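First comes the structure, then the notes that go with it.
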Amino acid sequence: MIVGFDTTVFPRLDYKDPEKFWGTISYLQDFFSVHRDRLHTVFEKAQEMKRCFDHFDPFIQSYTAKICPYCGTVCCANKFGFPEFADIVSFLSLGLSIPDYDLDVDEEAICQFIGKKGCILPRIQRPYRCTWYFCDPLMVQIDIGPAKQYRKFIQDVQDLSRTRGDLMREFFPIWEEHGNLIE
């Protein structure tokens, strides 16, 4: 069973309003700076999440490297490549920089971060939806692979979801008490 966290409790990042989008990110960066001492368990959970990404990424990358370059219908559109509030929380808790999103792109066009061999962002620096979205051709290839690898893949997806949920559960009460001043 996959256990996550309902991220709809956080403010919505509106990529259609650049001032508000970048303002919320700036506010979060300041929040992390000001409340660093209160966020120690969040940083610990982030390191657990990083370990999950480290286990998960090589396997999925081996498949996407074979499938994505030959895809005739790229499903990675700009509108899916913009982060949610929880993604920014994850990036900051991991000490990652925020990608330089171009908000003035056609939201239906191929994602601004797609290169010749797939996404150019490290998996850990992508919106979470990009990590757990598996198109049909990718799933077919994983499904017909060795059963042991498939079981490990499922376990890795569950571990990643659980640790991200744990991180958000640690962050939310601190945010609710000290930072929830947006909108």
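The values are calculated or read from the model by the stated rules, or taken from the named source; none is laboratory data. Here the structure is a predicted model, which means the values were calculated and not measured. So basically every Cβ, Gly included, is an ideal-geometry build from the backbone, and we count neighbours across all protein chains shown.
Structure above, values below:
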quantity	calculated
Residue satisfying all of: in the range 5-28; out of contact with any Leu (no Cβ under 9 Å at 6 or more places or on another chain) and part of a loop (DSSP other than H, G, I, E, B); modelled with the lowest pLDDT among these	D6
Every pair of residues 6+ apart whose Cβ atoms lie under 7 Å, when the first sits in the range 66-81 and is buried (at least 16 other Cβ atoms within 10 Å of the Cβ) while the second is of a type in the set (F, W, Y) and in a loop (DSSP other than H, G, I, E, B)	G81/F113
Enumeration of residues in the range 29-46 that are part of a helix (DSSP H, G or I) and either touching a helix residue (DSSP H, G or I) at 6+ places or on another chain (Cβ under 7 Å) or surrounded by 13 or more Cβ atoms within 10 Å (Cβ to Cβ) (or both)	Q29, F31, F32, R38, L39, T41, V42, F43, E44, K45, A46
When residues of the range 118-154 are limited to those that are hydrophobic (A, V, I, L, M, F, W, C) and within 18 Å of E84 (Cβ to Cβ), the one surrounded by the fewest Cβ atoms within 10 Å (Cβ to Cβ)	W132
When residues of the range 47-90 are limited to those that are assigned to a helix (DSSP H, G or I) and of a type in the set (F, W, Y), the one nearest to K20 (Cα to Cα)	F85
In the range 7-21, residue farthest from G165 (Cα to Cα) [restricted to those that are surrounded by 15 or more Cβ atoms within 10 Å (Cβ to Cβ) and out of contact with any helix residue (DSSP H, G or I) (no Cβ under 6 Å at 6 or more places or on another chain)]	K20
In the range 109-148, the residues that are part of a loop (DSSP other than H, G, I, E, B), out of contact with any helix residue (DSSP H, G or I) (no Cβ under 7 Å at 6 or more places or on another chain) and within 28 Å of F5 (Cα to Cα)	I120, L121, P122, R126, Y133, F134, C135
